[in-house]
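This report refers to the structure that appears directly beneath it.
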There are 2 protein chains.
Amino acid sequence: MKTIEQLLESKNIRVTAMRLLIYKFLAKKKVAVTLSDIENAFAKADRTTLYRTIKTFEEKVIVHQIDDGTGITKYALCEEGCNCDIKNDLHLHFHCNNCNETTCLTDHKIPQIKVPDGFVSENVNLVVKGICDKCSG
Amino acid sequence: MKTIEQLLESKNIRVTAMRLLIYKFLAKKKVAVTLSDIENAFAKADRTTLYRTIKTFEEKVIVHQIDDGTGITKYALCEEGCNCDIKNDLHLHFHCNNCNETTCLTDHKIPQIKVPDGFVSENVNLVVKGICDKCSG
DNA sequence: TAGTAAGTGCAATGGAAGTGCATTTGTTAT
DNA sequence: ATAACAAATGCACTTCCATTGCACTTACTA
């Protein structure tokens, strides 16, 4: 079990107080968060710092970006077994039309998609929308 | 073979010069277009008009909206057999990472996606990214 | 411990989406 | 045909999120 510090160092990211806090925040959340969510959680910190921290995490494949169709980009920690690189998230996401939360369904792999001749598939973005487990209960 | 006028009338949309032009523009294009694309094509017309025209078309299920992950919403004509309603496009889309164009793969249906217990799937957004036929040639 | 590279905060910009209101155009009933 | 009404269009403006430039501070390194 790596500490967060070790994780960051292993990816050549300098350990700072801010980054640890943001990492912990993301880890605590089970769902994908927007930049505003982070901003609200750390009202004292500047928006730019949060933005750039997330971008750094993204580059170093600590978080992945999710476009769930709300028009606002969300972010979630890459899981242990998450082999998404910068451009590819290989699992699917679920967006709840009720509570507006987006969840990573890490262990649900995206089925192989056939594309027409001449098209080369590099990666796939798949968002399922509906009602999540908390809201359907 | 319906004329465009007949098509619009059948959906209770008033036929105007602008709407005919925009429809023809969409029909000529094989790929999904952004509002800016339309704006550039009709420089004399006001952006608001184009915006509201597209929104009208969308409501009346003449075009469908596509979120291809670029952050900019695109629009494409619903095909003859396209049974997408306002909220659901049932086919998948291909986004070319090279030319940045998004194509409807109308005859490629989205496979059934399994979601965990408690989750209710209402619709699915699936965008395949890669290299399109024009760019891979 | 000085010097440098990276991180942070403030201010400002840009792009796309959306809205209010006045004006014009089209439709309908007399 | 034309008056009266409804819908469409154009202009101006606003909002929201994403992004960048620059100054300042903090952290690593020789």
Degrees separating the helix A:47-59 axis from the principal Cα axis of chain A, which is the longest one: 60
Between the range A:1-80 and the range B:94-137, the Cα center-to-center distance that results, in Å: 27
Counting DSSP beta bridges with both ends in the range A:4-136, the antiparallel % (nearest 5): 75
Tilt relative to chain B, helix B:17-28 - C-alpha long axis, 0 to 90 degrees, to 10: 40
Lys/Arg +1, Asp/Glu -1 at C-beta; the range A:1-85 dipole; positive extreme among A:Gln65, A:Ala45, A:Tyr75: A:Ala45
Relative contact order (%) - criterion: Cα under 8 Å, at least six apart; region: the range A:1-115: 20
Set B:Lys11/B:Lys60; A:Lys11/A:Lys109; B:Lys24/B:Lys55; A:Lys55/A:Lys129; B:Lys28/B:Lys74; B:Lys30/B:Lys134 screened for pairs whose C-alpha atoms are more than 18 Å apart: A:Lys11/A:Lys109; A:Lys55/A:Lys129
Position B:Asp117, label points 7 Å along Cα→Cβ, spacing to each other copy in nm (shortest first, one decimal): 4.7
Dipole magnitude of the range A:4-136, debye to nearest 20 (Cβ charges: Lys/Arg +1, Asp/Glu -1, about Cα centre): 400
Gained length - B:Asp117 relative to B:Arg47, 0.36 nm times residue gap less alpha-carbon distance: 20.7 nm
Helix-derived mean residue ellipticity, 222 nm - over chain B, DSSP H n ≥ 4, -39500 (n - 2.57), to 500: -8500 deg cm²/dmol
Charge dipole of chain A about the Cα centre (unit charges at C-beta), most positive-ward option of A:Ala32, A:Cys135, A:Asn12: A:Asn12
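Values quoted throughout were computed directly from the atomic coordinates according to the rules given, and no laboratory measurement underlies them. Bear in mind that the values here come from a model prediction, so they are computed numbers and not experimental data. In this analysis, Cβ positions are derived from the backbone assuming ideal geometry, glycine residues included, and neighbour counts consider all displayed protein chains.
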